[in-house]
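Coordinate-derived values only; no laboratory data. These figures come from a predicted structure and were not determined experimentally.
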Amino acid sequence: MHGQATTTGPSFGKEEGTEAMSDKITRWAVGVFGDSSQSGRWRAVQRLGAVAVFGDSTLDLREAVIDGDEIEISAVAIFGEVNIIVAPDSRVELSGVALF
């Protein structure tokens, strides 16, 4: 499965003068023949990546400190699973492709 999700917090608009999404740092969570997990209080940058190959990768955003109003997550799972957990009041846009 390869997918991309965007989640927005309570403030949905972008302020003038902010950097373009593509100019932001990407932080990766990778699980290869094992698991990776990010949860609790942590700083979530505006671009996140999650990869699972014969393992699992979990990003729990419920207690994360979010830089800005929007996060873009690119996720890839090959014989594994990527889990993205958000707060119930978050707006999520999702697109992706699943094979098998």
(request) Pull up all non-local amide H partners of residue 30: gap of 5 or more, or a different chain, and H-to-H distance under 5 Å with H placed in the peptide plane. (result) 51
(message) Per residue of region 29-41, what does 6.51 cos²θ - 1.76 cosθ + 1.60 with θ = phi - 60° give for ³J(HN,Hα)? Whole Hz please, x for Gly and Pro, Karplus curve as stated.
(response) 10, 10, x, 10, 6, x, 10, 10, 8, 10, 8, x, 8
(request) Using only Cα positions of region 25-100, each an equal point scatterer, no hydration layer, compute I(q)/I(0) via Debye at q = 0.22 Å⁻¹ and quote the log10 values to two decimals. (result) -1.01
(request) Give me the number: length gained by fully extending residue 37 to residue 91, i.e. 0.36 nm times residue separation minus the C-alpha to C-alpha distance, one decimal in nm. (result) 17.2 nm
